[in-house]
Amino acid sequence: ASMIDTYLMYSLLKALPDPICVIFVGDINQLPSVGPGNVLKDMISSRTLPVTILTEIFRQAAGSAIITNAHLVNQGQFPRLYNGHDSDFFFIESAEAEQVLNEVIKLVSQRLPKRYGFDPKKEIQVLAPMKKGVIGTANLNVALQQLLNPQAMALHRGGQKFQVGDKVMQLRNDYKREVFNGDIGYIHSIDAEEQQLVICMEERQIIYDYSDLDELTLAYAISIHKFQGSECPCVVMPVHTSHFMLLHRNLLYTGITRGKQLVVLVGTKKALAIAVKKDDVKKRYTGLQQTLMEMI
């Protein structure tokens, strides 16, 4: 519910019958809505609504370094970077963006599958703050596609090439196909004669015409914003000063908490420190909290 903006919340509440009980579930420490407002945080901060805070961890083990570091980051403290053999949280220092790119590629295609047995396409997810740049999602997708799914035949559309076996993501809600923004699937087949693709998503085969391909993007690497609300056994995330504009505490916290079994950060300690310190993104000026308090 932290992703619900003011306009969507207005439309939702207006459409509900009266009387009705509404339960919102969310984490105000993750990324806020793309649209205006900070609705969930304002509702909780007003102290006018009953709130239950969950404290027991189910996704990872109680002693998980993922959890420990997520809490440290959330409190504005630098994470513990001890790379013990049994740890589920690792930091690999790489100074230059090109070095980060090469390290991420090696981790996903070789080191992590060999060491932990992860399927590089289905069980490892690369998350990045930005789309552009050497270690942005666009370039990472090109590099990972070449290594993880080399194919002789490809369909070129919108600056991307799609191949059988590619990992792809839906970019907008499609109620006719019943696929939604952020859904991930794999290209099952490409029919050049019919100009159609078949995508496997959660054991369903969904047909896309070539004209609908602007709804899809490669998903070997995904922005942290797009992956909010999802999870994966292993997350690999570049954290580098070239992403300075988007290095924020809640972005780092959100990325770390997407990993179920293993999180690997690749980059510089300086970039980590910048992200931990920058908390200004939470400061959104709204009148909702005050309005709720005045209604008591």
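The values are calculated or read from the model by the stated rules, or taken from the named source; none is laboratory data. Everything quoted here is computed from the prediction, not taken from an experiment. All Cβ positions, glycine included, derive from the backbone under ideal geometry; neighbour counts span all protein chains shown. SASA here: full protein model, heavy atoms, side chains in, ligands and nucleic acids out. Shrake-Rupley method; radii C 1.70, N 1.55, O 1.52, S 1.80 Å.
Assuming R0 = 35 Å, what is the FRET efficiency of Cys21 and Ser45, from their Cβ-Cβ distance, to the nearest 0.05? It would help to have the intermediate numbers written out before the result.
Numbers: r = 21 Å, r/R0 = 0.61.
So the FRET efficiency works out to roughly 0.95.
Along the positive direction of the dipole of the stretch 181-296 (beta-carbon charges: Lys, Arg +1; Asp, Glu -1; about the Cα centre), which of Gln289, Ala273, Ser230 reaches farthest?
Ranked along the dipole, the leading option is Ala273.
Rounded to the nearest Å, what's the spacing between the alpha carbon centres of the stretch 103-180 and the stretch 224-274? Just the number, please.
First find each Cα centre; the distance between them is then 17 Å.
Please give the calculated 222 nm ellipticity per residue for the chain, where each DSSP H segment of at least 4 residues contributes -39500 (n - 2.57) and the sum is spread over every residue; nearest 500 deg cm²/dmol? Please report the intermediate quantities before stating the final value.
Values: 10 runs with 82 residues, N = 296.
That comes out to -7500 deg cm²/dmol.
Sorted by accessible area (1.4 Å probe), largest first, how do Met295, Met201, Met130 line up? Working shown, then result.
Values: Met295 140, Met201 5, Met130 55 Å².
Descending accessible area places them as Met295, Met130, Met201.
Run the dipole for the chain about the Cα centre, Lys and Arg Cβ at +1, Asp and Glu Cβ at -1, nothing else charged, and hand back the magnitude in debye, nearest 20. Provide the component values of the computation, followed by the final result.
Values: 31 positive and 30 negative charges, 207 e Å.
Computed about the Cα centre, the dipole is about 1000 debye.
What does the accessible area per residue of the chain come to in Å², with a 1.4 Å probe and no ligands, DNA or RNA counted? Walk me through the numbers before you get to the answer.
Working: 16390 Å² over 296 residues.
Computed with neighbouring chains in place, this is 55 Å² per residue.
Quick query: amide H of Asp88 versus all other amide H atoms, modeled in the peptide plane; which residues come in under 5 Å with a sequence gap of 5 or more or a different chain?
Distant-sequence amide H within range of Asp88: Ala65, Ile66.
Of Thr137, Thr52, Thr68, which is the most mobile in a GNM of the chain whose springs link Cα atoms less than 10 angstrom apart?
Its mean-square fluctuation being the largest, the pick is Thr52.
In terms of solvent-accessible area of protein heavy atoms at a 1.4 angstrom probe, what is the ranking of Phe90, Phe227, Phe244, Phe24, highest value first?
Details: Phe90 40, Phe227 10, Phe244 95, Phe24 65 Å².
I get Phe244, Phe24, Phe90, Phe227, largest accessible area first.
Given the pairs Lys132/Lys270; Lys122/Lys161; Lys121/Lys260; Lys106/Lys277, which are separated by over 25 angstrom at their Cα positions?
Values: Lys132/Lys270 20 Å; Lys122/Lys161 20 Å; Lys121/Lys260 16 Å; Lys106/Lys277 30 Å.
Beyond 25 Å: Lys106/Lys277.
At 0.36 nm per residue, and after removing the present C-alpha to C-alpha distance, how many nm does the segment from Gln146 to Thr286 gain when stretched out fully?
Residue separation times 0.36 nm, minus the Cα-Cα distance, leaves 45.8 nm.
How high is the relative contact order of the chain, given as a whole-number percent (alpha carbon pairs under 8 Å, six or more residues apart)? All intermediate terms of the calculation are to be shown ahead of the outcome.
Numbers: 488 pairs, mean separation 69.1, N = 296.
23 percent.
Students sometimes get this wrong: rank Leu147, Leu262 by accessible area, probe 1.4 Å, all chains present, largest first.
Result, largest first: Leu147, Leu262.
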